[in-house]
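The structure appears right after this line, and notes come after that.
The values are calculated or read from the model by the stated rules, or taken from the named source; none is laboratory data. Quick caveat, the model's predicted, so the values are computed rather than measured. Positions of Cβ are backbone-derived with ideal geometry, glycine not excepted, and every protein chain shown enters the neighbour counts.
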Amino acid sequence: MSITDTLLLRSLLLFLMLGSVAGLFAGMALIMRPDWLSRVNKHASRWMSTRQFERPLERTVKLDHWFYRHHRTSGILILAGAVYTLYFFTAILDKPSILAGLSRKFPIPPALIASLLDALVLSCVLGAAFALIISLFLLIRPSLLRGFEQGANRVLSLRHALKPLEIQRSGVDEYVLHNVRLAGMLLLFGSLYALVGMGIWMS
């Protein structure tokens, strides 16, 4: 394990240990002063809707007019990028040296690294071939892309996917509010167990 990995691991463990210490104090506070939880819950249980976060993602950015207005320029640029990508992944890429470097850096079986690298190369080659076809359409007959453009430019709203996040689930809160001391004891013992275990592991 390198020095950087060791420092990152120790930093993560220290962060978790600080969280465990905070859990100890919170557990003792719940056991000794259970009425504090009701006061804290009034300020902490503010409802936040996901709509304000998903609105920027649902804004449409239209670049079609620019591509159709400058279809030769965009076609040449896409063609050049696609040709270079195909040339790089089929002629320049030195697979043995990349596999050797990745095997030295990551403790992963070489066969798995080779499979992942092959999948990456195949994805890039297929993407470049698709971009090459699109660039030829832009150079020769950009009007043929109208049907593909209408199918690809469908607006997909995130409202249906994020709807489960908008449902309030207060079952856990109500259980903890009715069993404050029990929740405090569980939090106390869990934090103590995590703190002792990480301390022994670090030592």
(request) Identify the residue in segment 23-57 that is surrounded by 12 or more Cβ atoms within 10 Å (Cβ to Cβ) and basic (Lys, Arg) and, among all such residues, is modelled with the highest pLDDT. (result) ARG33
(message) Need pairs with beta-carbon distance below 7 Å; first residue polar (S, T, N, Q) and within segment 97-117, second surrounded by 10 or more Cβ atoms within 10 Å (Cβ to Cβ); sequence gap 6+ or separate chains.
(response) SER103/PRO110; SER103/ILE113
(message) For a quick check of your reading of the model, give me the residue pairs whose first member lies in segment 1-16 and is outside the structural domain of SER191 (by TED's automatic domain parsing), whose second is at pLDDT below 80 and surrounded by 10 or more Cβ atoms within 10 Å (Cβ to Cβ), with beta-carbon atoms closer than 6 Å and at least 6 apart or on different chains.
(response) none
